[in-house]
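Written out below as structure tokens is the structure these notes cover.
The values are calculated or read from the model by the stated rules, or taken from the named source; none is laboratory data. Everything numeric here is computed off the predicted structure, so don't read it as measured data. Glycine gets a Cβ as well: all are built from the backbone with ideal geometry, and neighbour counts include every protein chain shown. Note: areas computed on protein heavy atoms with side chains; ligands, DNA, RNA excluded. Shrake-Rupley method; radii C 1.70, N 1.55, O 1.52, S 1.80 Å.
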Amino acid sequence: MGRTLQNTMINLGLQNACDEAIYQLGLDMEELEEIEEDAGLGNGGLGRLAACFLDSMATLGLAAYGYGIRYEYGIFNQKIRDGWQVEEADDWLRHGNPWEKARPEYMLPVHFYGRVEHAAAGAKWVDTQVVLALPYDTPVPGYMNNTVNTMRLWSARAPNDFNLRDFNVGDYIQAVLDRNLAENISRVLYPNDNFFEGKELRLKQEYFVVAATLQDIIRRFKASKFGSTESVRTVFDSFPDQVAIQLNDTHPAMAIPELMRIFVDIEKLPWNKAWDITKRTFAYTNHTVLPEALERWPVDLVEKLLPRHLQIIYEINQRHLDHIASLFPNDVDRLRRMSLIEEGGTKRINMAHLCIVGSHAVNGVAKIHSEIVRTQVFKDFAALEPEKFQNKTNGITPRRWLLLCNPGLAELIAEKIGEDYVRDLSQLTKLHEFADDDLFIREVAKVKQENKVKFALYLEKEYKVKINPSSMFDVHVKRIHEYKRQLMNCLHIVTMYNRIRRDPAKLFVPRTVIIGGKAAPGYHMAKMIIKLINTVAQVVNNDPVVGSKLKVIFLENYRVSLAEKVIPATDLSEQISTAGTEASGTGNMKFMLNGALTIGTMDGANVEMAEEAGEENLFIFGMRVEDVTELDREGYNAQEYYDRLPELKQAIDQIKSGFFSPKEPDLFKDVVNMLFHHDRFKVFADYEAYVKCQEKVSELYLNSKAWTKMVIRNIAAAGKFSSDRTIKEYARDIWHVEPSDLKIPPPNEPRDAAEDKTLNGTAA
């Protein structure tokens, strides 16, 4: 979520008033804003996407709730020591959180372990351990529409009789200390992005948020006028018409068997009716196609922790497979491929399969990704129910990612096309009229230059390096992962360095290369990549021959509040994942909206950015998905590129021989070995095209006017990538609700103020 103060002021239309009031008190608002901690309750794009979606849902007047876990410790703080990533706990609640309100009156029990008893009345889950879920509510204000939605985060609490209710005459002190075991559930965020770690505590977290949330939803449904109550039992027929639940990846997949358990075991609905309601309630968003990221929980673990849920999953699977067998008799391989249970070695539950079978809609997050989901990853399921599979291209909120972080540009745009674009970003197309307006071109360039100077001062303060603000700011910020290919950027840095040293007198377009992002603590290769970048930076930044032509900075502790500083100052946005691996990306959209040009592969939403702006207005290079597939078919041989490309060979030899790490010459042997022998993401295959494309970038940067014209064409084409557009599509195609543009009356006006005005012509 990042910080809340400035976003709240903007959405309430109070920023100027607050700035003025604080100034009159002899304080500086910006200084105050810097004191607030980021709420870092997610890992990368998936968590930030949810935050943008909450802003858009409130702005569109949808009655929507964001549910999650109130982690005591969010994503770790990253320190760089001697070039290595070191993790520190993110004690973000240390000074309290003024935005949250605990709601103990809505506290709910969540059950774990135990066993299942079968009786005539049905199944009973008994002898469980209970953990309480305490909700904390954070307001989510819409933009200037007097609407405030709720983000409800659950915190784990031990019941007061925890470890004391059993025949336990034993150790009272120890029993009280053991309360921590229950409360550990919401202690810390697992820091993996695009990687599955099948730990028991993680599964507990997933079920904890799901069980608390579903109870909350059902309580609200029963209390509403819609849940027409017969004396004894609620009628749930209207449930899917009143409730839509969107599963953000498979992490809350246990919601599907949990809702079935509530309907069948507790509410005593017949299975078929319960299943029909469940399917019509859930929809699933897939966020990755990387196999190592797909959740596959061991059956033994689920059986121990959630025995009734395992039985329900088996029953869902049995009926699912019976259906497929009836359509495709004797096709055992199809049954194996489509089963929710993976045999072979340890039996595992494929959570993506569970989500597909238990949902009425499945979507990817960019056109190319949804295509891969439909035709490759889940092709058997798509063949069965093609109408279930959709695309919903991701978006970003223009409130945080333009108004808040780049007020200079936002104001410049408003001067040209009015202020309405903030709620309807498609209006940015009106800027095309000004792409050749010399004054506007100069003003856009001036705003970028001011942002760069401001960020350069920040960098000089934090990193004690002198930055040339007229150099090209070449920025690569995102989680560190092999598929995102920070290594390829690093090889380009080494190549530029070698070119400068080979011919110091030759014209070189000066660059400041900024790379930032966190590596999962257990991801050895990602940590080596960080060390490599810092080691190369050390050499480059201190070589007198290079001087101010090339500077390399690794941005420490990349997070939302730092993104808000670096993105408006960026000239070149690096989006260079191997085609077919980045589901969408959203940083790419933020840079586009803030006047950076993109160098990127035809992957994720880059494809649609090129479609909107025209491919000639992005720097697109490298293999397409088809080329990657073809290269896999014939076999990728890294050596071949090394032998053929002298500059690649030189760069690799320098890294391998210890040119950058003379005290530890074989420090990077693992990295080099990976690049030659098991590089799934084919860095060498795109190296040549990447370097050539970067030459075109430098060439255009020399022509400031042509560069800025291209920037304007990009901003004018960025309208599609508002999360408002994304949410309207979810609302229309999946949730079946209507967004409302109505601004509800402010609280100081009576509710029927509008009618009063029409009746007697006066405002109440």
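Of note:
- Taken over the range 412-439, the criterion of being of a type outside the set (Val, Ile, Thr), surrounded by 14 or more Cβ atoms within 10 Å (Cβ to Cβ) and part of a helix (DSSP H, G or I) is satisfied by LEU412, ALA414, LYS416, TYR421, LEU425, GLN427, LEU428, LYS430, LEU431, PHE434.
- Unique residue being assigned by the TED database to the domain that holds GLU292 and open to solvent by 10 Å² or more (accessible area, probe 1.4 Å) when the list is HIS369, HIS320: HIS320
- Every residue from the range 299-317 that is touching a Ser or Thr at 6+ places or on another chain (Cβ under 8 Å) and open to solvent by less than 30 Å² (accessible area, probe 1.4 Å): VAL299, ASN317
- If you go through the range 115-145 and keep only what is on the phi < 0 side of the Ramachandran plot and acidic (Asp, Glu), you end up with GLU117, ASP137.
- Summed over the range 256-272, residues that are assigned to a helix (DSSP H, G or I) and either without any contact (Cβ under 8 Å) to a residue 24 or more places away in the chain or in contact with a Cys (Cβ under 9 Å, 6 or more places away or on another chain) (or both) total 3.
- Hits in the range 601-632 (condition: crowded, with 19+ Cβ neighbours inside 10 Å and of a type in the set (S, T, N, Q)): THR601, ASN606, ASN617
- Residue tally, condition farther than 15 Å from TRP297 by Cβ and free of Cβ contacts under 8 Å to residues at least 24 places away in the same chain, over the range 345-391: 10
- Screening the range 585-607 for residues that are farther than 14 Å from ILE396 by Cβ and of a type in the set (Gly, Ala, Ser) and picking the one that is farthest from the chain's Cα centre (by Cα) gives GLY595.
- For the criterion of being farther than 30 Å from ARG725 by Cα, open to solvent by 30 Å² or more (accessible area, probe 1.4 Å) and over 18 Å from the mean Cα position of the chain (by Cα), GLU105 passes.
- Selection of first residues in the range 503-519 that are over 16 Å from PRO544 (Cα atoms) and at pLDDT 95 or above and of second residues that are among the small types (Gly, Ala, Ser) and not in a loop (DSSP other than H, G, I, E, B), restricted to Cβ pairs under 7 Å at least 6 apart or on distinct chains, gives the following pairs, ordered by first then second residue: VAL509/SER698; ALA519/ALA526.
- Set VAL494, VAL453, VAL475, VAL444: member being out of contact with any Lys or Arg (no Cβ under 6 Å at 6 or more places or on another chain), within 27 Å of ALA717 (Cα to Cα), in contact (Cβ under 8 Å) with a residue 24 or more places away in the chain and part of a helix (DSSP H, G or I): VAL444
- Some residue of the range 41-49 being farther than 20 Å from LYS478 by Cα and either over 19 Å from the mean Cα position of the chain (by Cα) or surrounded by 16 or more Cβ atoms within 10 Å (Cβ to Cβ) (or both): no
- Subset tally (residues that are surrounded by fewer than 17 Cβ atoms within 10 Å (Cβ to Cβ) and aliphatic (A, V, I, L, M)) for the range 446-472: 3
- Top-ranked residue in the range 542-572 [being assigned to a loop (DSSP other than H, G, I, E, B) and among the aliphatic types (A, V, I, L, M); ranked as most open to solvent (accessible area, probe 1.4 Å)]: VAL545
- Total residues in the range 721-750, condition small (Gly, Ala, Ser) and within 19 Å of the chain's Cα centre (by Cα): 2
- Residue check for GLY635: open to solvent by 20 Å² or more (accessible area, probe 1.4 Å), within 22 Å of CYS52 (Cα to Cα) and not charged (D, E, K, R): no
- Among the residues of the range 132-147, those identified as of a type in the set (Val, Ile, Thr) and over 16 Å from TYR106 (Cα atoms) are VAL140, THR147.
- Residue in the range 142-162 that is closer than 30 Å to ALA537 by Cβ, in contact with a Pro (Cβ under 8 Å, 6 or more places away or on another chain), at pLDDT 95 or above and surrounded by fewer than 18 Cβ atoms within 10 Å (Cβ to Cβ) present: no
- In the range 582-598, the count of residues that are assigned to a helix (DSSP H, G or I) and closer than 24 Å to LYS527 by Cα is one or more.
- If you go through the range 251-282 and keep only what is in contact with a Phe, Trp or Tyr (Cβ under 9 Å, 6 or more places away or on another chain) and more than 28 Å from GLY122 (Cβ to Cβ), you end up with nothing.
- Filtered residue count, the range 721-746, keeping only those that are touching a residue at least 24 places away in the same chain (Cβ under 8 Å) and either touching a Lys or Arg at 6+ places or on another chain (Cβ under 7 Å) or of a type in the set (D, E, K, R) (or both): 11
- Only a single criterion out of (1) within 28 Å of the chain's Cα centre (by Cα); (2) in a strand (DSSP E or B); (3) over 15 Å from THR4 (Cα atoms) is not satisfied by VAL140, namely (3).
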